[in-house]
Amino acid sequence: MAKLKILEFPDPRLRKKAVPVEKVDAALGTLIDDMFETMYAAPGIGLAATQVDVHRRFLVADVSSEKNEPWVLINPVILERDGVEVSEEGCLSVPGYYESVERAEQVRVRFQNRDGEEVEASFDGLLAVCIQHEIDHLDGKLFVDYLSEAKRQRIRKRLLKDRKHRVEDRVAAV
Ligand code: GNR
Ligand code: NI
């Protein structure tokens with residue numbers, strides 16, 4: 001298993017639209033395992049392939065506190081949305097920021113599982129929010145896109161500045 005590097009906003013690679021997974025094979029299984037390791041270590045409750053610079057349509061999630069309810073959604077499609085709810089969201093690609101975002105309260109999703117079987121399931125609560133957030137990633141969309149332009153620019157500038165400092169500290173330490 002391997003921990004993967006997570007891309008951070010405003011990296012343009014986060015804006016790529018992922019293409020469908022064609023074959024659910026052993027290589028994909030390895031990537032899925034690496035994504036779980038990366039997500040649990042972060043720690044986070046979800047991770048889309050886009051965030052680790054793999055531009056194919058799959059995601060992993062686990063919102064349980066015991067980290068024992070892993071979900072793998074391959075080629076997910078939202079069939080139905082019900083209700084509206086606002087919740088605080090964060091993102092491993094936008095570290096340190098939490099903002100209110102409006103989502104559907106419940107979603108019905110068709111996807112393939114890690115055995116390649118076609119599945120349909122309904123999600124609500126935090127898992128519904130997380131899955132909508134991850135499918136947005138696969139379309140090159142981030143939760144900051146739901147905020148005002150001013151707020152997004154402020155986050156963008158601060159993250160770039162933080163990163164510049166991190167690079168300078170690394171150089172200074174050599
Ligand atoms: O770890 C995460 N927490 C979270 C909290 C509220 C709404 C969405 C999320 S997803 C996020 C991990 C992540 O960035 N996935 O793309
Ligand atoms: Ni995210």
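Pairing each residue of the range 119-139 that is part of a loop (DSSP other than H, G, I, E, B) with any residue that is surrounded by fewer than 22 Cβ atoms within 10 Å (Cβ to Cβ) and basic (K, R), provided the two are 6+ apart or on different chains, yields C-beta distances under 8 Å for D139/K17.
In summary, V60 fulfils each of the numbered conditions (1) at pLDDT below 95; (2) in a strand (DSSP E or B) with the single exception of condition (1).
The set of residues in the range 16-32 being closer than 29 Å to E66 by Cβ and surrounded by 16 or more Cβ atoms within 10 Å (Cβ to Cβ) consists of V21, V24, L28, L31, I32. In the range 69-82, the count of residues that are crowded, with 16+ Cβ neighbours inside 10 Å and assigned to a loop (DSSP other than H, G, I, E, B) is zero.
Scanning the range 88-118 for residues that are exposed (fewer than 14 other Cβ atoms within 10 Å of the Cβ) and part of a strand (DSSP E or B) yields E88, S100, E102, E118. For A48, the conditions (1) near ligand 1 (Cβ under 9 Å from one of its atoms); (2) more than 17 Å from L126 (Cα to Cα) are fulfilled apart from (2).
For the range 141-155, the candidate set comprises residues that are outside any loop (DSSP other than H, G, I, E, B), under 17 Å from the mean Cα position of the chain (by Cα) and in contact (Cβ under 8 Å) with a residue 40 or more places away in the chain; within that set, the residue that is nearest to ligand 1 (Cβ to nearest atom) is F143. Here S65 clears all of (1) within 15 Å of ligand 1 (Cβ to nearest atom); (2) over 25 Å from I155 (Cβ atoms); (3) of a type in the set (G, A, S); (4) surrounded by 12 or more Cβ atoms within 10 Å (Cβ to Cβ) except the condition numbered (4).
The values are calculated or read from the model by the stated rules, or taken from the named source; none is laboratory data. Only a predicted model underlies this, so the values are computations on that prediction, with no experimental measurement involved. Here Cβ is always computed from backbone atoms with ideal geometry, including for glycine, and neighbour counts include all displayed protein chains.
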